[in-house]
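Undergrad: My questions all concern the structure below.
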Amino acid sequence: MGAKRFGGLAATILAMTLAVPAFASDAKDDPLAAYRSGEMYSGYVTGDPSSREIQDDDMMNPSFLWVDKAAELWTTADGTAGKSCADCHGDVESLKGAATKYPTTDAATGKFMNVELKINDCRERQMGAAPFKFESDELLGMTTLVKLQSRGMPMNIDITGPNEKWFKKGEEFYFTSRGQLDLACADCHITNEGMYMRAEKLSQGQPNGFPTYRMKWQKLGSLHRRMRGCNDNIRAEKLKGLGEDYLAVETYISWRASGLPVETPSVRK
Amino acid sequence: MSAKPRVRVPSTAKKGEVFEIKTVISHSMESGQRKAADGSPIPRKIIDKFVCTYNGKEVMTSQWYGAVSANPYLEFFCTATESGTLEFTWHDEGGETYTATADIKVT
């Protein structure tokens, strides 16, 4: 009798397994096709319709308050050189596509930088101005303004040459268990992506929408802030924002997001 | 952060047409529930009143209470009567006011 029951259960499981492909949507009919690239998909796909609606309308998206402020800063001279961003770069539209290649090794200094660090490097070396603080409204706004110029363009970072060691370091971090819960980034964002963790659907942890306006934060926030939150959740040590570890992880996940469109500034709950 | 409020009003409208207005303002909407690093409570400071005037005439007013998010967004409709200026004013509990204006041409 036990075996018979088991057989019935097995048949049910088989039927369920067979039914799954019927739900898989055809790429042509998928309204979210633009937010997918092969196996990878943006957090926009796992997000709920109400936050998507806010992201889709630049008036509703509060991130643009920061963008407006940054656009003012763009033309404001600062530092000992008395120059503004616009004095070298002209219109900010000249940076179209630039953000898709970051993080990368800076040609002039040989240092490895993401967009935030590049902005601060520009301020220090070209303008003679103090760097913006991590997570300051100025740095968040300027990063968003720069990345916004590449909105819709596919992420495309180079992991060869001098960038390779950063990629390797990031990959190692990503697959290393840490914290009291002994979890690696990959445990949630690769092994269990799409599954529920209590009421929350686990995303792939893609970086293409950062800085993001997060409802929980009630403000714009950076990728490194999100990583600090992740590490805190697994009861691991929160590492330094814009530090080497998170920069390496950013490299790995930016490579993983290759082909996904830059969505900055995204809106997430 | 103190960015200028963002408002969107169509630049032109036909007389009698109902048009949409979208506004968003940068405000922390401090709830009064939070504590500072030293444990002392942070006093509540939220926007509690919003007023929109059309050529000086009040066309929309709104009272706000707790539980409104930071950087609140408001969307409403208005009937085009004459060319002129729409003025938007947000009043917060600290006595501060924030204003924005937009022009509309009615044909």
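Undergrad: What is the diffusion coefficient of the protein assembly as shown in µm²/s, taking the Kirkwood radius over Cα pairs and the Stokes-Einstein relation at 37 °C with a viscosity of 0.692 mPa s?
TA: Reported coefficient: 139 µm²/s.
Undergrad: Hey, another quick one. Just to confirm a number: summing +1 for Lys and Arg and -1 for Asp and Glu over residues other than A:Glu171 whose beta-carbon lies under 13 angstrom from that of A:Glu171, what do you get?
TA: That sum, taken over residues with Cβ under 13 Å, equals 0.
Undergrad: Over what distance in Å are the Cα centres of region B:51-107 and region A:155-188 separated?
TA: So the separation of the two Cα centres works out to 48 Å.
Undergrad: Then there is this: Looking at the square roots a ≥ b ≥ c of the eigenvalues of the Cα gyration tensor of region A:36-106, which shape do they give, rounded for a/c under 1.5, prolate if a/b is larger than b/c, or oblate?
TA: It comes out oblate by the Cα gyration axes.
Undergrad: Just check region A:168-269 against the gyration tensor rule for me: Cα atoms, a ≥ b ≥ c as the square roots of the eigenvalues, rounded for a/c under 1.5, and otherwise prolate or oblate depending on whether a/b exceeds b/c.
TA: rounded
Undergrad: Modelling each spin label as a point 7 Å along the Cα-to-Cβ direction, I'd like the A:Gln180/A:Ala81 distance in nm, to one decimal.
TA: 4.8 nm
Undergrad: Another question, then. Can you tell me the 0 to 90 degree angle between the C-alpha axis of helix A:2-19 and the longest principal axis of chain A, rounded to 10?
TA: Helix A:2-19 sits at roughly 40 degrees to that axis.
Undergrad: Something else: State whether region A:63-148 is rounded, prolate or oblate according to the following rule on the C-alpha gyration tensor (a ≥ b ≥ c being the square roots of its eigenvalues): a/c under 1.5 gives rounded; otherwise a/b larger than b/c gives prolate, and the remaining case gives oblate. Before the final figure, lay out the partial values.
TA: Details: a/c = 1.35, a/b = 1.08, b/c = 1.25.
Cα axes put region A:63-148 in the rounded bin.
Undergrad: For chain B, please report how many Lys pairs fall under 20 Å Cα to Cα, leaving out neighbours fewer than 8 apart on the same chain.
TA: 14
Undergrad: Out of region B:17-107, which GluC sites (Glu not before Pro) are coil in DSSP terms and have no more than 16 other C-beta atoms within 10 Å?
TA: Qualifying residues, ordered by number: B:Glu17, B:Glu82, B:Glu93, B:Glu96.
Undergrad: Here's something else I'd like to know. Read phi for every residue in region A:181-188 and hand back ³J(HN,Hα) as whole Hz from Karplus 6.51 cos²θ - 1.76 cosθ + 1.60, θ = phi - 60°, with x for Gly and Pro.
TA: 7, 6, 10, 9, 3, 5, 4, 8
Undergrad: Ratio of region A:137-184's C-alpha Rg to 2.2 N^0.38 Å, to two decimals? Spell out each step's value before the answer.
TA: Working: Rg = 15.7 Å, N = 48, 2.2 N^0.38 = 9.6 Å.
In units of the 2.2 N^0.38 Å rule of thumb, it is 1.64.
Undergrad: For region A:70-81, take each phi angle, set θ = phi - 60°, evaluate the Karplus expression 6.51 cos²θ - 1.76 cosθ + 1.60, and give the result in whole Hz per residue in order, putting x for glycine and proline.
TA: 5, 5, 5, 4, 3, 9, 9, 5, 8, x, 6, 6
Undergrad: Something else: What FRET efficiency do you get for B:Asp48 and A:Ala34 if R0 is 30 Å and r is their Cβ-Cβ distance, rounded to the nearest 0.05?
TA: Working from the Cβ atoms, E equals 0.15.
Undergrad: Roughly what would the spin-label model give for B:Thr81 and A:Met195, points 7 Å off Cα along C-beta, in nm?
TA: In this crude label model, B:Thr81 to A:Met195 measures out at 6.2 nm.
Undergrad: Could you give the angle, 0 to 90 degrees to the nearest 10, between helix A:164-174's Cα long axis and the longest principal axis of the Cα atoms of chain A?
TA: Taking Cα atoms only, the helix is inclined about 50 degrees.
Undergrad: Order A:94-104, A:216-226, A:138-148 from most to least packed using the mean count of other Cβ atoms within 10 Å.
TA: Result, highest mean first: A:138-148, A:216-226, A:94-104.
Undergrad: Taking only Cα atoms and a 10 Å spring cutoff, compute GNM fluctuations for chain A and point out the largest among A:Gly209, A:Gly241, A:Gly179.
TA: Sorting by GNM fluctuation, first place goes to A:Gly179.
Undergrad: Can you give the three extents of the C-alpha atoms in chain B along their principal axes, from longest to shortest, in whole Å?
TA: Taking the Cα atoms of chain B, the three principal extents are 59, 21, 19 Å.
Undergrad: Using θ = phi - 60° and the Karplus curve 6.51 cos²θ - 1.76 cosθ + 1.60, what whole-Hz ³J(HN,Hα) does each residue of region A:156-162 get, with Gly and Pro shown as x?
TA: The phi angles translate into 7, 9, 9, 10, 9, x, x Hz.
Undergrad: Right, next: Rank these for me by crowding, A:Trp74, A:Trp166, A:Trp66, going from fewest to most other beta carbons within 10 Å.
TA: Fewest-to-most Cβ neighbours within 10 Å comes out as A:Trp74, A:Trp166, A:Trp66.
Undergrad: Right, another one. Shielding of B:66-74 by partners, i.e. mean partner chain Cβ atoms within 10 Å per residue?
TA: Across B:66-74, the average partner-chain Cβ count within 10 Å equals 3.
Undergrad: Now for a separate question. What is the angle, in °, between the Cα long axis of helix A:137-148 and the longest principal axis of the Cα atoms in chain A? Nearest 10 is fine, range 0 to 90.
TA: Around 70 degrees separate the two axes.
Since every read-out is calculated from the coordinates, none of them should be taken as a lab result. Note that this is a predicted model, so its numbers are computed, not measured. Positions of Cβ are generated from backbone atoms using ideal geometry, with glycine treated the same way; all protein chains shown enter the neighbour counts.
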